[in-house]
Amino acid sequence: MPKIECHNLTKVFWIRNQSFEAIKDLNFEVDSGELVAVVGKTGCGKSTTLNVLLGLERPTHGRLAIDGKEPYKDFDFFRGKLSAVFQTDRLLPWRTVLQNATYGLEILHFPQQERVKKARYWLEKVGLTHFENAYPHELSGGMRQRVGIARAFSIDPEVLLCDEAFGHLDEVTARQLRDDFLNLIRETKKTSVFITHDIDEALELGERVLVLGKPARLLMNVQVPPATKENPTKQAEIKSRIIQAIESDGTRKE
Ligand SMILES: Nc1ncnc2c1ncn2[C@@H]1O[C@H](COP(=O)(O)OP(=O)(O)OP(=O)(O)O)[C@@H](O)[C@H]1O
Ligand SMILES: [Mg+2]
C-alpha cells in the first residue's frame, strides 16, 4: 500500500459567496521512503495541498490518506507522525534556538531531558550547536531555516513535508541547505514531499517530480533516476517538457 494516497482531491474555498477551486481532482501516490518533489506555478494550490496533507484543511471532495487514514478526520492519530518545514521559519521569537527545536517534543509530552537530548542532536546535524542559546532575531534567514529543519526532524516523523523551504534564500545558501537537507532525508529514509516553484530544485531533490496545473491537478509524473540527475542534457530536456506542460495548461480555457 502506498504511504500517501490522494484520490480525486478537490478543495473549494468560499470567498464572499464566490466559490474558488484551489485543487481540482488531484491524484497521486507516494511510496514509503520516497522523496517526491511537487512543482507548480504560484497560486496553483501547492500550499493548500500541503495543508490537506497536514490535516489543517478539509478536502471538499475526494480523499487524501496517509497509512489509510485521513489527516483531517484522524488528526490525533497523526500527532508526532507528520512534520513540516515552511517557507517562513515560523519560529517563536521569545524562545531560544534550543527551546524552538524542542517545541514539537514538548507538545508530544517528551520528558525534559529527552527533549533537550534529541533537539541538541539535530541542532548539531544542522550545524547550530554553538547557537543554541541565541534568539531567532540574532540569526540569518538560512540559520533560522536550519532551526526549522532541526525542529521538524527532532520528533522523528514518519512523513516530512516541505513548503518552499529555501525559496527566499540566496542561491548559494539555498544550495548548501538543499544538500544538507537531502543528506538528512537519505540518512533517515523519511517519506518526504517537497513543494517548490523552482523546477531545477524539484529535479535536483526529487526521486520523482509531480507537476501541478492550476487549479492543482496532476499534469505530469516524472521519474528522476540518479543517472538523469548527473546528465545535464537529459535534465534540460525534462525541464523543458515541464515548462511546456505548465505553459500549455495556462493557456487552456476552463
Ligand atoms: N484559506 C483560504 N481561503 C480562500 N482562498 C484561499 C485560501 N487558501 C488559499 N486560497 C487560494 O487558493 C489558491 C491557491 O493558494 P495556495 O497558497 O495553495 O497556492 P500556492 O501554489 O502555494 O502559491 P505560492 O507558490 O504563491 O505559495 C490561491 O488563489 C489562494 O488565494
Ligand atoms: Mg504556497
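Readers should treat all values here as calculations from the given coordinates under stated rules, not as data from a laboratory. This one's a predicted model, so the numbers in the text were calculated from it and none came from an experiment. Methodologically, a virtual Cβ is constructed for each residue, glycine included, from the backbone with ideal geometry; neighbour enumeration extends over all protein chains shown.
What span do the alpha-carbon atoms of the chain cover on each of the three principal axes, reported in whole Å from largest to smallest?
Principal extents (Cα only, largest first): 56, 44, 38 Å.
Residue by residue through segment 41-57, which ³J(HN,Hα) values in whole Hz follow from phi under the Karplus form 6.51 cos²θ - 1.76 cosθ + 1.60 (θ = phi - 60°), with glycine and proline marked x?
So the J values, rounded to whole Hz, are 6, 3, x, 7, x, 5, 5, 4, 4, 4, 5, 5, 4, 7, x, 8, 10.
Around residue 224, which amide H atoms from residues at least 5 apart in sequence, or from another chain, sit under 5 Å from its own amide H, with H modelled in the peptide plane?
Distant-sequence amide H within range of residue 224: 208, 209.
Along the three principal axes, how long is segment 1-131 when you take its alpha carbons, biggest first, rounded to the nearest angstrom?
Result for segment 1-131: principal-axis Cα extents of 48, 37, 26 Å.
State, to one decimal in nm, how far the label point of residue 207 lies from the label point of residue 107, with both points 7 Å from Cα in the Cβ direction.
In this crude label model, residue 207 to residue 107 measures out at 2.7 nm.
What number comes out for the charge environment of residue 154, summing +1 per Lys or Arg and -1 per Asp or Glu over other residues with Cβ under 11 Å away? Display every interim value, and only then the final one.
Values: positive: 115, 117, 118, 120, 125, 151; negative: 106, 114, 156.
Its environment carries a net charge of +3.
Want the number for residue 25 to residue 140: 0.36 nm per residue separation, take away the alpha-carbon distance, what's left?
Numbers: separation 115, 0.36 × 115 = 41.40 nm, distance 3.97 nm.
Full extension from residue 25 to residue 140 adds 37.4 nm.
Between residue 187 and residue 240, 0.36 nm times their residue separation minus their Cα-Cα distance comes to what? Walk me through the numbers before you get to the answer.
Values: separation 53, 0.36 × 53 = 19.08 nm, distance 3.13 nm.
Here the segment from residue 187 to residue 240 would lengthen by 16.0 nm.
Calculate, for residue 124 and residue 95, the FRET efficiency according to 1/(1 + (r/R0)^6) with r their C-beta to C-beta distance and R0 22 Å; round to the nearest 0.05.
Values: r = 19 Å, r/R0 = 0.85.
So the FRET efficiency works out to roughly 0.75.
Please report the antiparallel percentage of DSSP beta bridges with both residues in segment 126-254, rounded to the nearest 5.
Working: 5 of 10 bridges.
Taking every DSSP beta bridge within segment 126-254, about 50 percent pair in antiparallel fashion.
Taking the 0 to 90 degree range and rounding to the nearest ten, how far is the long axis of helix 232-250 tilted relative to the main principal axis of the chain, both from C-alpha atoms?
It is inclined by approximately 60 degrees.
Which value, to two decimals, describes the C-alpha radius of gyration of segment 132-254 once divided by 2.2 N^0.38 Å? Each step should come with its number before you reach the end.
Numbers: Rg = 16.3 Å, N = 123, 2.2 N^0.38 = 13.7 Å.
Segment 132-254 yields a ratio of 1.19.
Arrange 132, 230 by Cβ neighbour counts within 10 Å, fewest through most, would you? Don't skip to the end; give the middle numbers.
Details: 132 19, 230 9.
Ranking 132, 230 by Cβ neighbours within 10 Å, fewest first, gives 230, 132.
Can you count the Lys pairs in segment 127-254 whose Cα atoms are under 20 Å apart, with each pair 8 or more apart or on different chains? Mind showing how you got there, number by number?
On the way: 189/229; 214/239; 214/253; 229/239.
The result is 4.
Going by average Cβ density within 10 Å per residue, which order do the peptides 207-220, 103-116 take, highest to lowest? Intermediate results must be reported in sequence, preceding the final value.
Working: 207-220: 21.0, 103-116: 14.6.
Going by the mean number of other Cβ atoms within 10 Å, highest first, we get 207-220, 103-116.
What nm distance separates the two modelled labels at residue 218 and residue 231, each placed 7 Å from Cα along Cα→Cβ?
2.4
Count charges around residue 136 for me, please; just the other residues with Cβ under 15 Å from its Cβ, Lys/Arg as +1, Asp/Glu as -1. Kindly include the intermediate steps, with their values, before the conclusion.
Working: positive: 90, 95, 144, 146, 151; negative: 89, 132, 138.
Every neighbour counted, the sum reads +2.
Scan around residue 212 for amide H atoms under 5 Å from its own, H built in the peptide plane at 1.01 Å from N, and keep only partners 5 or more places away or cross-chain.
Amide H neighbours of residue 212, under 5 Å, 5+ apart: 39, 40, 219.
Which value at 222 nm does the chain reach when only helices count, each DSSP H run of 4 or more adding -39,500 (n - 2.57), with the total divided by all residues and rounded to the nearest 500 deg cm²/dmol? Let's see the in-between values first.
Values: 9 runs with 94 residues, N = 254.
That comes out to -11000 deg cm²/dmol.
Please express the shape of segment 49-105 as an equivalent ellipsoid: the semi-axes are the square roots of 5 times the eigenvalues of the C-alpha gyration tensor, given largest first in whole angstrom.
27, 13, 8
Please list, in order along segment 6-23, the HN-Hα scalar couplings obtained from phi with the Karplus expression 6.51 cos²θ - 1.76 cosθ + 1.60 (θ = phi - 60°), rounded to whole Hz, x for Gly and Pro.
With coefficients 6.51, -1.76 and 1.60, one gets 10, 10, 6, 6, 10, 10, 10, 9, 10, 10, 6, 6, 10, 8, 9, 8, 8, 10 Hz.
Using amide H atoms built 1.01 Å from N in the peptide plane, name the residues 5+ places from residue 60, or on other chains, whose amide H lies under 5 Å from its own.
Sorted by chain and number, the residues that satisfy this are 10, 11, 12.
Evaluate the relative contact order of segment 136-231 (contact order divided by residue number), counting alpha-carbon pairs under 8 angstrom at least 6 apart; express in whole percent.
Numbers: 83 pairs, mean separation 20.4, N = 96.
Computed value for segment 136-231: 21 percent relative contact order.
Would you mind calculating the gained length between residue 12 and residue 175 on full extension (0.36 nm times residue separation, minus the Cα-Cα distance), in nm to one decimal?
Working: separation 163, 0.36 × 163 = 58.68 nm, distance 3.52 nm.
Residue separation times 0.36 nm, minus the Cα-Cα distance, leaves 55.2 nm.
Any chance you could get the radius of gyration and Dmax over the Cα atoms of segment 101-189, in Å?
12.8, 39
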